[in-house]
Structures are given as C-alpha cells and as structure tokens.
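Got a structure here, written out as structure tokens. Questions coming.
The values are calculated or read from the model by the stated rules, or taken from the named source; none is laboratory data. Please read all numbers here as calculations on a predicted model, not as lab measurements. Quick reminder, even Gly has a Cβ in these numbers, built from the backbone with ideal geometry, and neighbours come from all protein chains shown. With ligands, DNA and RNA removed, areas are computed over all heavy atoms of the protein, side chains included. Shrake-Rupley method; radii C 1.70, N 1.55, O 1.52, S 1.80 Å.
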Amino acid sequence: MSSFSCLSAAARTMKAAVLIQRWYRQYAARMEMRRRYTWNIFQSMEYADLQDQIKLYNFLGYLMDNFTPSSSERNLISHIFRENEVCRDAEWERYFSYTNIDVPDIYSGPRLTFPLDMDQAADLVEAFKNKQQLHSRYVLQLLLETWKLLRVLPNINRVSTCHSKEITICGDLHGQLEDLLLIFYKNGMPSLEKPYVFNGDYVDRGKDSMEILLILFAFLLVFPGDVYLNRGNHEDHIINLRYGFTKEVLNKYKLHGKRILKLLQKIFSWLPLVTVIDQRVLIVHGGISDTTDLALIARVDRHRYVSSLRPPKKKTPSRTNVYADSERYVEMIICKNRGGSLTFPKPFDARESFQRRSLQDFSSTVARTLEEEFEVRRRQAEFSLSSFSKSHRILSSALSSDSEPESSEFTDTGNDEWKQILDLLWSDPMSHKGCIPNEVRGGGCYWGPDVTEDFLNRHSLQLIIRSHECKQDGYEFCHNRKVLTIFSASNYYEVGSNRGAFIRLGPDLVPYFVQYQATRMTRGLSFPQNVKRTEHTALKVLREQLFVHKSDLLSAFQEIDKENTGLICLNDWASAIERVLHLDLPWRVLHPQLVSSTTDGKLDYHGWFRDLALKKPSSEHIEQTMLETLYRHRSTLETIFRIVDTDNSGLITFEDFRQTLKLLSAYLKMEISDEVINELVISTDTNNDGSIDIDEFMEAFRLVDKSRLERGKSLLKLMQDNQSLPQETETPRTVYSTAPQTSQCPASQPADPPASNTADSACSQTANPPVSQTADSPGSQTEDLCHISVVVPPQ
Amino acid sequence: MAPKKIEPKKPEPKKPEPKKEEAPAPAPVPETPKEPELDLKSILLEFTADQIEEFKDAFTLFDETPTGEMKISYAQCGDVLRALGHNPTNADVLTVLGKPKAEDMNTKYLDFETFLPMLQHISRAKNQGTFEDFVEGLRVFDKEGNGTVMGAELRHVLATLGEKMTEDEVDRLMAGQEDANGCINYTSFIKHILSG
C-alpha cells in the first residue's frame with residue numbers, strides 16, 4: 001500500500017500507469033498463448049478427423065479383400081459397392097423432370113421463371129436470408145439449367161480484368177450462408193461490373209450448403225460471363241456422405257432429395273477445375289504438384305471424374321475389355337499409401353498381403369461365376385483408395401508389356417488425368433522443397449516452394465490463389481508470396497475461431513483483402529471472451545478424445561507406473577498422451593486445463609479418468625472398450641450406414657446393421673458378440689419394426705460429431721446469454737438484418753444500407769434504435785466486427 | 001479443411017542446438033551507468049527438467065518459423081516470458097535481449113537455449129508487482145473514492161505515459177468494461193485482467 005503514498009501525484013500516476021501496462025501485457029500474452037493452443041487443438045482435431053477418412057478407406061479395402069460368399073453379406077457388400085447407373089443424357093433429363101411437381105398455393109418462397117434475371121437472383125438471396133426454402137420444383141429446374149450450362153464450359157475458366165475494375169475471389173464457404181451474405185453485403189452481389197470467382201468447397205459442415213449452391217448457381221445462370229465456379233474437393237458425393245451435405249439435402253427435401261442429390265452429383269463433376277486471370281494468376285481449390293500440366297488439364301473429360309474415391313469409368317466398357325483391364329486396375333490399387341494408417345497397423349497387413357497375392361490366388365479362393373468375378377473386380381477397381389505420385393510411378397512400371405496397347409494407354413492416360421485432378425483439388429503447400437504424397441488427406445500432394453517456382457515459370461504465371469485450408473486471418477501467403485490461401489468461412493472451427501476473407505483483384509493484379517467475421521451471435525463479446533469460448537469448446541472436444549482413448553492411455557500409464565502406485569508425473573503423463581494420440585499438442589501447457597489437481601507434481605490417473613468420464617445413461621450397460629471403439633469409429637460407422645441406406649430413407653434394416661457391425665468388428669479384430677449388437681439395436685429401435693434410424697443410433701450413444709454439437713450448443717448459449725441486449729431478443733432473422741451495419745470499422749459510422757431496410761420492414765421490431773446503440777459503443781464491437789481492409793503492397 | 005502437416009518438424013528441435021549466434025552481453029549504456037552488465041552466460045539455471053519441458057511447449061507455441069526451427073523473434077520474447085507467468089516491463093525485456101536496435105526486433109531470432117537464461121533472470125526479478133500494487137495503481141485514478149475510474153482518463157494515461165500502449169491495445173484492455181457513463185468498476189476490471 002505504501003509504495004504509492006510517498007510519491008508525488010505525477011510520480012504516482014506514472015507508476016500506476018506502468019503497473020497497469022505491464023499487467024495488461026501479461027494478460028495479452030496469456031490470451032495469445034491460449035488462442036494459439038486452441039487453434040492447434042482444432043487443427044489437430046481436424047487432422048484426426050481426416051484420419052477417420054483414411055480409416056474408412058482402409059475398412060472398405062478390407063471388405064474387398066475379405067469378401068466371403070455368404071448371401072447376406074454379399075447383398076450388403078454389393079450395397080456398399082453399388083455401381084452408378086449408366087444412362088444417356090436424355091434418360092437423365094426424364095429422371096430429373098420437375099414438371100410434375102406441383103407447388104402449393106401456400107408456398108411463400110420464390111417462384112422462379114426461366115431464364116432467370118438479376119432481380120430473381122437477388123430475391124433468392126433475400127428469401128434465404130429470411131430463412132425460406134426454395135421449393136423442390138424450382139430446385140430441380142435451377143439445377144437442370146445449371147447442368148446444361150456447365151456442360152458447355154471449359155475445364156479452365158479464363159477471365160480478364162480489362163473489362164472491369166476488380167475481380168472478387170472467395171474461398172471455402174462450407175455451407176455457411178451468413179458468410180456469403182456478409183460478402184455480398186460488403187462487396188455487392190455478382191453483376192456485369194462485379195465479377196466473382198468462387199474457389200470450391202461450397203458444401204459440407206455448415207448447415208446451409210444447399211442455399212449457397214442455389215445462390216451461386218442462380219448468379220452463374222444470370223451472369224455466365226461474370227461468375228466463375230471452381231470445383232473443390234467437397235464437390236463430391238461420397239465426401240458429402242461423410243461431411244453432412246447429403247444429410248442436409250435429404251432433411252430439407254424429403255420427397256425429392258434423392259433426385260436432387262443425383263443431379264448435384266453430375267453438376268459437381270461438371271464444375272470447371274481451375275480459373276486463370278489475365279493468363280497470370282491461377283485460381284484452384286487445392287493446389288498443384290510437380291506434374292501439374294495445364295495443357296493436359298485443358299483436355300481432360302472432367303465429368304468422368306465423379307468422385308475422388310472412384311477412378312474413372314471406361315468410355316466403352318465391353319465385358320471382356322473391362323475384365324482384362326480390371327487387372328490393371330487391381331494393380332493400381334496395389335500401391336496404397338504405406339504410411340497412411342496411423343492407428344490400424346493390423347488391418348494394414350491385410351492390404352499388404354493382398355498386394356502380394358496374385359490374381360490367380362484371389363480368384364481361386366472364391367468360387368464364383370465369371371460375371372460375379374467381373375463385378376467384384378470392377379468394384380475393386382472403383383475403390384482405388386488413394387492416388388499418390390509414388391503409386392502412379394510404380395503403377396506405370398508395373399503395367400505388363402503384353403497388355404492390349406489400346407486399353408493400357410487408356411488406363412495410363414485415365415490414371416494420369418485422375419491424378420492431375422486429385423492434385424488440383426487436394427494438395428497443400430509445404431515449406432520444404434520437393435513434392436510428396438499428401439498422406440494426411442489421402443489424396444493430392446504436399447508441394448514445396450521450388451515446385452511453385454517451376455510451375456509458375458513453365459506456365460508464365462505469377463501467382464497461385466488457392467483455398468482448402470482454414471487460416472486464422474482468412475488468408476495467408478506462403479512460398480515467398482507466390483502462393484496465397486484464401487478462406488471465406490469465418491468461425492469455421494468454433495464461434496470466434498477465425499476470420500474469413502475475400503480478395504479483390506484489379507488489373508494490376510495486386511490482391512486487396514477484406515476480412516470479416518460473421519458475428520450474429522457474438523456481438524457484445526470482447527476479444528478475450530471470444531478466446532475463452534473457443535478455448536472452452538476446444539478443450540471439451542479434447543477431453544472427449546482423451547476419454548475415448550482411455551484403455552490405450554491406461555495401458556500407457558501402467559507401463560510407466562510399474563509399481564502400480566496409481567500416480568504418474570506430469571512429464572510422463574504428457575509423453576504418454578502424445579504417444580497414444582499423436583496430436584502434436586503442447587500437453588504440458590494444456591495440463592492445467594485438463595488436470596484438476598496434482599499432489600507433489602504427480603497425477604492420480606484413475607481419478608483423472610473418472611473426472612473425464614462422459615455420462616451416457618443409455619449406454620451404461622455397454623462395455624467401456626466397445627463404447628470407445630464405436631465412438632472412435634463413429635464417422636466411419638455413420639458413413640457406412642449411409643452408404644448401406646440405399647434409398648436414403650435414414651433407416652437401415654436390422655440385418656444390414658448387424659452385418660455392418662460384424663464386419664467392422666472383424667476388421668478391428670474386436671469381438672462384438674451378438675448379444676451386444678442386440679442390446680445396441682434394442683436401445684435404439686424405438687419403432688420396433690426391425691429398422692434402425694441412423695440419426696437416432698448415432699445420437700443415442702452421443703456418437704454425433706461432438707464438435708459440431710458443441711458449436712451448436714455454444715451458439716445457443718450465446719443467444720441466451722445475450723438476452724439482455726435489446727437486439728438480441730429478436731429472432732435470428734431480425735438479428736441478422738441489423739448485423740450488416742455493425743460490420744463497419746468504428747472509424748466510419750455506417751449509414752443503414754437499403755438492403756437491410758427492406759428486411760427490416762418484414763420484421764418491424766428491429767427498429768433503428770438498436771442499430772444506433774451498437775454504433776455508439778464501437779469499442780466493444782471492434783474486435784468482432786471490424787472489417788480490416790488491407791492493401792498488400794507489391795512485392 | 002486444414003490438416004496437421006506431417007512435415008519433418010519434430011526431429012529438428014531434438015537435434016543438438018547449434019552454437020548460440022547472439023552474444024547477449026551488451027556494453028553498458030553510458031547514460032545509465034547504474035545498470036549492471038547482464039551476462040546471460042553466467043546465469044545458473046535452476047529449473048527442473050519438468051519445468052523446462054513445459055517452457056519448451058510454450059516456446060514452441062510461439063515458433064512461427066516456416067520450418068519449425070524452435071526459434072522466436074526478439075519481438076516475441078516478451079510475450080513468451082509473460083505467457084509463462086512473469087511480469088516484466090518492456091524495458092526489462094529489452095535488457096535481457098541485450099538492448100537490441102528497433103529494427104532487430106522483428107528480424108533477429110533466438111532459440112530455446114538462449115531463451116532459458118533470460119527466463120531465469122526475469123523470474124528472479126524482485127519487483128514483479130503484486131496484486132495489491134495493481135489495485136493501488138488503479139485506485140490512483142479513483143478520484144471520487146467510490147471504486148470506479150473514468151475510462152477516458154485511464155485510456156489517456158495508458159496511451160501517453162509510461163510504456164505507452166497503442167490505441168488497439170487500450171481498446172482490447174477496456175473492451176466491455178465501461179458502463180454507460182464511461183466509468184469502470186475496477187474490481188471487476190481486475191478480475192477481468194487476472195482471470196484471463
């Protein structure tokens with residue numbers, strides 16, 4: 001107390017100032033550290049999540065290897081490997097016909113008339129802003145028109161800046177409609193004067209993927225010369241099964257969803273692959289590899305590459321040809337990524353042993369008719385599980401010389417093209433030189449700065465703009481500013497986790513960035529509050545991961561604690577966790593958040609596990625390891641279920657369910673007895689009709705994607721917490737309509753834009769006073785809402 | 001989608017650290033003859049192995065080198081020291097860094113081995129400022145003695161005196177703290193700073 005009293009007033013003030021400043025700086029540094037490890041956690045979770053995908057592939061590969069002729073399993077397996085129907089376009093048009101769909105009078109959404117015009121496109125945006133849903137008749141119609149248009153577009157969009165001032169480039173949107181609306185608000189909607197390039201990943205994860213697609217396609221139809229769409233790796237129907245888009249469509253369009261999905265499948269395959277601006281700037285979703293060749297890209301039949309999980313079908317498949325060529329395809333599968341499977345060494349052996357088996361061995365183990373054999377091999381061919389540059393090099397040397405030249409050439413080209421496309425859509429830049437297979441994603445490459453340099457020189461380009469990776473500030477340069485990542489989905493991992501951004505590119509081709517963060521729910525939250533909430537979610541997800549690996553962790557701890565004291569020191573705790581989870585996280589920094597107490601620097605790990613336990617009332621009778629396993633493989637499980645659910649009804653038969661679990665358990669070398677399966681089923685088969693509701697099953701065991709669930713919950717909680725602020729008590733739509741004005745920097749006070757006024761008239765409670773209130777206290781809004789327009793100086 | 005990259009990052013920090021490039025012992029500045037020379041090499045490290053591992057984790061969090069070389073810039077040094085729970089002033093940080101020039105702050109880097117003695121030195125500093133001092137500091141601005149301070153005055157002082165804060169920093173500090181009259185209740189303000 002006395003340290004101040006003996007000082008003069010001026011000195012006291014000075015001393016006080018310094019004190020507060022140093023405390024502030026410590027606080028800021030701690031915030032920064034938390035922000036960083038929270039980010040690391042999310043990235044690690046995503047990495048772990050991607051590993052799930054690889055597990056899925058491995059499982060499917062295992063199924064192929066271990067095909068047994070029992071009739072029930074055959075049905076199941078053929079469900080899984082179901083072939084796409086091959087029809088001509090005219091047949092497809094009939095299948096997708098919408099003319100018989102009636103639109104009831106009570107439907108209050110947009111009624112589209114074709115050809116579309118600018119006003120209808122704007123109305124569509126407005127309708128979606130107001131949470132309306134477009135009627136399936138118009139959806140099909142719009143999609144059909146889009147399909148027709150896409151079919152005449154080239155693989156490489158060529159854009160020029162000479163006719164316009166600036167081109168706007170957006171990255172991943174992932175179903176986050178608020179971000180697209182924010183972009184349009186800030187930047188204006190697409191038009192003749194305002195061309196846009198959208199760089200893929202429009203769907204999955206977010207909940208409004210359909211609406212985003214409809215908006216983008218509408219503008220594409222209205223301004224075909226000024227809207228350019230690139231394909232992303234999520235424009236892929238199999239990926240959609242896993243990441244939520246399929247589910248969204250089926251939920252929103254119960255009657256016609258299946259046809260809509262089919263049409264989208266075709267549309268995705270017809271999306272152009274890259275865009276080039278002024279022959280100087282390349283825009284592509286993922287990136288490049290050391291073999292990327294734009295001349296080749298220009299020539300491919302891009303629509304043959306429907307999914308990255310299925311190599312191209314042959315153009316004219318005659319029975320014998322395909323049979324012969326499937327041998328080649330089988331060899332293609334041989335070269336699976338060697339390092340891919342991180343957590344399943346055992347099943348991986350199965351793959352390796354398959355590689356060593358000759359085709360003769362394989363065909364002799366199972367007595368089948370020629371037709372069945374042919375079918376099986378075609379299935380196998382379609383499940384070439386990944387494509388790496390290594391594997392393709394090996395493949396070309398493995399091709400035998402006595403093959404039919406025609407077909408082997410075709411395979412060569414087909415294969416080569418496929419790899420080119422995968423590289424474009426899946427690759428990521430790395431800081432080291434060279435080009436290596438992208439084993440984290442299971443497709444594409446990691447490419448280094450030397451590859452960039454070489455590529456740019458070869459094609460006389462100066463910049464690569466790509467997306468595909470979430471960046472905290474919405475954008476990031478690398479490779480000596482020759483590669484630019486742009487990511488437009490803000491709050492991607494969690495509310496407050498990152499900004500989104502878009503690029504404006506003028507004739508000087510200098511990128512100008514605009515960052516934003518959709519803040520409907522977070523207005524009024526300060527930056528530290530944001531950090532705390534994001535951290536909270538990240539830690540919850542992390543704790544879950546720890547819990548579901550309990551058995552492995554316990555073994556690891558017990559290995560260290562040989563005397564069975566039940567105690568372990570923090571350092572050992574941290575190293576053990578890292579060994580088991582492979583998440584590369586700073587566990588020692590995190591430990592205060594994950595461990596409630598230690599005695600003498602030692603942790604009572606049994607007690608710790610008890611603290612971590614997730615309470616699942618419906619599953620208490622299920623054994624721990626089983627629970628952990630199911631939880632760990634939940635995404636694989638769910639995806640398989642959805643594949644098996646051939647009519648997309650959301651239900652699978654009890655028999656199929658049981659077969660799937662049995663196959664999974666065999667694959668994991670885990671015993672799942674019939675009684676356990678029965679128990680699982682009974683607790684979820686609420687309608688007792690022998691069918692399982694997939695969503696219910698996943699939910700019953702809390703097997704849903706926790707992080708998404710948490711995000712939803714935290715959004716809800718934020719809404720509730722902010723009840724006291726007048727504008728927050730409005731329904732979301734009205735809250736949104738006031739949001740645009742808050743997107744200004746405090747320096748420039750906004751005038752209410754006309755757009756939000758028209759929305760206001762629909763919901764009259766959002767009078768202007770709330771709007772001006774928030775404008776008055778810019779301090780608390782700054783962090784969340786400020787648009788930072790950054791002009792990047794030329795290199 | 002942003003995966004964790006499997007780049008050969010991890011092996012690097014485990015390799016033996018290269019010889020320190022920076023010679024941290026500065027020549028004493030003539031204007032302040034009282035300040036002793038800080039010879040980092042002579043500092044005895046008293047941390048336990050466990051503690052060092054923890055510091056390494058934190059250090060790595062701030063490593064922004066593209067290839068994960070376990071280095072931080074001079075400008076980040078203060079942040080890492082503070083993130084580890086210490087309370088140096090900017091002047092303290094510059095001292096341990098060897099009074100670098102302004103342009104060095106963003107261009108020069110230090111590795112973990114060099115950082116440790118700095119951390120040790122800072123952790124021994126006696127006048128870190130206690131919580132009570134902090135409260136006292138705020139009370140200085142409580143003109144009416146009623147537990148509140150004027151936000152505007154605080155902003156002004158923090159931005160113009162002592163180790164000046166930028167407008168951005170002040171905004172972050174005061175975010176959501178001022179009431180409708182622009183006053184800050186400093187008990188909750190302190191909780192806000194400390195609980196963060």
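Mind listing whichever residues of the stretch A:113-137 are open to solvent by less than 30 Å² (accessible area, probe 1.4 Å) and without any contact (Cβ under 8 Å) to a residue 40 or more places away in the chain?
Listed by number, the list holds a single entry, A:Ala127.
With respect to A:Ser44, determine if the residue is among the polar types (S, T, N, Q), at pLDDT below 85 and not assigned by the TED database to the domain that holds A:Gln529.
Working: among the polar types (S, T, N, Q): yes; at pLDDT below 85: yes; not assigned by the TED database to the domain that holds A:Gln529: no.
So A:Ser44 fails the test.
From A:Glu439, A:Glu476, grab the single residue that is touching a strand residue (DSSP E or B) at 6+ places or on another chain (Cβ under 6 Å), within 14 Å of chain B (Cβ to nearest Cβ) and not aromatic (Phe, Trp, Tyr).
Working: A:Glu439 fails: touching a strand residue (DSSP E or B) at 6+ places or on another chain (Cβ under 6 Å).
Of A:Glu439, A:Glu476, the one residue that is touching a strand residue (DSSP E or B) at 6+ places or on another chain (Cβ under 6 Å), within 14 Å of chain B (Cβ to nearest Cβ) and not aromatic (Phe, Trp, Tyr) is A:Glu476.
Give the residue that is farthest from the other protein chains (Cβ to nearest Cβ), with candidates limited to residues of the stretch B:169-185 that are under 24 Å from B:Glu132 (Cβ atoms) and open to solvent by less than 20 Å² (accessible area, probe 1.4 Å).
B:Ile184
So B:Leu158 ticks every box in (1) open to solvent by 30 Å² or more (accessible area, probe 1.4 Å); (2) within 30 Å of B:Glu64 (Cβ to Cβ); (3) facing chain A (nearest Cβ under 7 Å) but one. Which box is left unticked?
(1)
Being within 14 Å of chain B (Cβ to nearest Cβ) and either over 15 Å from A:Leu539 (Cα atoms) or of a type in the set (Asp, Glu) (or both) is the filter here, so list the residues in the stretch A:582-598 that pass it. Step through it out loud before you land on a result.
Here is the first cut: in the stretch A:582-598, the residues within 14 Å of chain B (Cβ to nearest Cβ) are A:582-595, A:598.
Result: A:His582, A:Asp584, A:Thr598.
Of the numbered conditions (1) open to solvent by less than 30 Å² (accessible area, probe 1.4 Å); (2) farther than 26 Å from A:Asp645 by Cβ; (3) assigned to a helix (DSSP H, G or I), A:Thr161 satisfies every one except a single condition; which is it?
Status for A:Thr161: all satisfied but (3).
Please specify each residue of the stretch A:572-581 satisfying the condition of being surrounded by 20 or more Cβ atoms within 10 Å (Cβ to Cβ) and either facing chain B (nearest Cβ under 9 Å) or among the basic types (Lys, Arg) (or both).
Across the stretch A:572-581, the qualifying residue is only A:Ala574.
Same structure, new question: Restrict the check to the stretch B:88-98 and report whether at least one residue is farther than 22 Å from A:Lys15 by Cα, in contact (Cβ under 8 Å) with a residue 12 or more places away in the chain and more than 9 Å from every other protein chain (Cβ to nearest Cβ). Steps first, please.
First, pick out the residues of the stretch B:88-98 that are farther than 22 Å from A:Lys15 by Cα: B:97-98.
Pick out the ones that are also in contact (Cβ under 8 Å) with a residue 12 or more places away in the chain and you get B:97-98.
Applying the additional criterion that residues be more than 9 Å from every other protein chain (Cβ to nearest Cβ) yields B:97-98.
Yes, the stretch B:88-98 has at least one match.
Among A:Ile20, A:Ile106, A:Ile77, which is the only one that is at pLDDT 60 or above and crowded, with 16+ Cβ neighbours inside 10 Å?
Details: A:Ile106 fails: crowded, with 16+ Cβ neighbours inside 10 Å; A:Ile77 fails: at pLDDT 60 or above.
Exactly one of A:Ile20, A:Ile106, A:Ile77 is at pLDDT 60 or above and crowded, with 16+ Cβ neighbours inside 10 Å, namely A:Ile20.
Residues A:Leu140, A:Leu192, A:Leu153, A:Leu149: which one is at negative phi and crowded, with 18+ Cβ neighbours inside 10 Å?
A:Leu140
Could you tell me how many of the residues in the stretch A:582-591 are modelled with pLDDT under 85 and either open to solvent by less than 30 Å² (accessible area, probe 1.4 Å) or closer than 20 Å to A:Met31 by Cα (or both)? Give the steps one after another, and end with the answer.
To start, the set of residues in the stretch A:582-591 that are modelled with pLDDT under 85 comprises A:582-584.
Keeping just the survivors that are either open to solvent by less than 30 Å² (accessible area, probe 1.4 Å) or closer than 20 Å to A:Met31 by Cα (or both) gives A:583.
Final tally of qualifying residues: 1.
Could you list, in sequence order, the residues of the stretch B:106-116 that are open to solvent by less than 20 Å² (accessible area, probe 1.4 Å) and assigned to a helix (DSSP H, G or I)?
Going residue by residue through the stretch B:106-116, those that are open to solvent by less than 20 Å² (accessible area, probe 1.4 Å) are B:110-112, B:114-116.
Across the stretch B:106-116, the qualifying residues are B:Phe112, B:Thr114, B:Phe115, B:Leu116.
State all residues of the stretch B:69-96 that are over 12 Å from the mean Cα position of the chain (by Cα) and assigned to a loop (DSSP other than H, G, I, E, B); if no residue qualifies, say none.
Across the stretch B:69-96, the qualifying residues are B:Glu69, B:Met70.
Quick one: which of A:Tyr196, A:Tyr228, A:Tyr243, A:Tyr185 is within 14 Å of chain B (Cβ to nearest Cβ) and of a type outside the set (Asp, Glu)? Can you show your working first?
On the way: A:Tyr196 fails: within 14 Å of chain B (Cβ to nearest Cβ); A:Tyr228 fails: within 14 Å of chain B (Cβ to nearest Cβ); A:Tyr185 fails: within 14 Å of chain B (Cβ to nearest Cβ).
Going through A:Tyr196, A:Tyr228, A:Tyr243, A:Tyr185 in turn, the sole match is A:Tyr243.
Answer yes if at least one residue in the stretch A:448-466 is within 12 Å of another protein chain (Cβ to nearest Cβ) and surrounded by fewer than 23 Cβ atoms within 10 Å (Cβ to Cβ), and no otherwise. I'd like the intermediate steps shown before the answer.
Of the residues in the stretch A:448-466, the ones within 12 Å of another protein chain (Cβ to nearest Cβ) are A:448-449.
Narrowing further to those that are surrounded by fewer than 23 Cβ atoms within 10 Å (Cβ to Cβ): A:448-449.
Scanning the stretch A:448-466 turns up at least one residue that is within 12 Å of another protein chain (Cβ to nearest Cβ) and surrounded by fewer than 23 Cβ atoms within 10 Å (Cβ to Cβ).
Each row is one residue, and each column tells you yes or no for (1) within 19 Å of A:Arg25 (Cα to Cα); (2) open to solvent by less than 80 Å² (accessible area, probe 1.4 Å); (3) away from chain A (no Cβ under 11 Å).
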residue	(1), (2), (3)
B:Asp104	no, yes, yes
B:Met118	yes, yes, yes
B:Ser123	yes, yes, yes
B:Asp142	no, yes, no
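Restricting the stretch A:470-479 to residues that are over 18 Å from B:Thr67 (Cα atoms) and under 17 Å from the mean Cα position of the chain (by Cα), which is surrounded by the fewest Cβ atoms within 10 Å (Cβ to Cβ)? Don't jump to the end; show me each part of the working.
Initial filter on the stretch A:470-479 (over 18 Å from B:Thr67 (Cα atoms)): A:470, A:472-475.
Remaining after also requiring under 17 Å from the mean Cα position of the chain (by Cα): A:470, A:472, A:474.
On the way: A:Cys470: 25, A:Gln472: 18, A:Gly474: 27.
Across the stretch A:470-479, the extreme among qualifying residues is A:Gln472.
Another question about this same structure. Please go through (1) open to solvent by 20 Å² or more (accessible area, probe 1.4 Å); (2) within 7 Å of another protein chain (Cβ to nearest Cβ); (3) of a type in the set (Gly, Ala, Ser) for B:Ala75 and return the number of the only condition it doesn't satisfy.
That leaves (2) as the condition not met.
Can you find a residue that is closer than 19 Å to A:Gln515 by Cα, open to solvent by less than 10 Å² (accessible area, probe 1.4 Å), of a type outside the set (Gly, Ala, Ser) and in a strand (DSSP E or B) anywhere in the stretch A:198-220? Please lay out each step first, then the result.
To start, the set of residues in the stretch A:198-220 that are closer than 19 Å to A:Gln515 by Cα comprises A:198-202.
Applying the additional criterion that residues be open to solvent by less than 10 Å² (accessible area, probe 1.4 Å) yields A:198-202.
From the residues that got through so far, the ones that are of a type outside the set (Gly, Ala, Ser) too are A:198-199, A:201-202.
Still in the list and also in a strand (DSSP E or B): A:198.
Among the residues of the stretch A:198-220, at least one is closer than 19 Å to A:Gln515 by Cα, open to solvent by less than 10 Å² (accessible area, probe 1.4 Å), of a type outside the set (Gly, Ala, Ser) and in a strand (DSSP E or B), which makes the answer yes.
Now for a separate question. Would you point out the residue of the stretch B:50-68, among those that are outside any helix (DSSP H, G or I) and either within 8 Å of chain A (Cβ to nearest Cβ) or of a type in the set (Lys, Arg) (or both), that is nearest to A:Arg36 (Cα to Cα)? So that I can check it myself, show each step before the final result.
First, the residues of the stretch B:50-68 that are outside any helix (DSSP H, G or I): B:63-68.
Subset that is either within 8 Å of chain A (Cβ to nearest Cβ) or of a type in the set (Lys, Arg) (or both): B:66-67.
On the way: B:Pro66: 16, B:Thr67: 17 Å.
Checked the stretch B:50-68; the qualifying residue nearest to A:Arg36 (Cα to Cα) is B:Pro66.
Let me ask something additional. Which condition from (1) exposed (fewer than 15 other Cβ atoms within 10 Å of the Cβ); (2) at pLDDT 85 or above; (3) farther than 29 Å from A:Phe477 by Cα is the one that A:Ser597 breaks?
Condition not satisfied by A:Ser597: (2).
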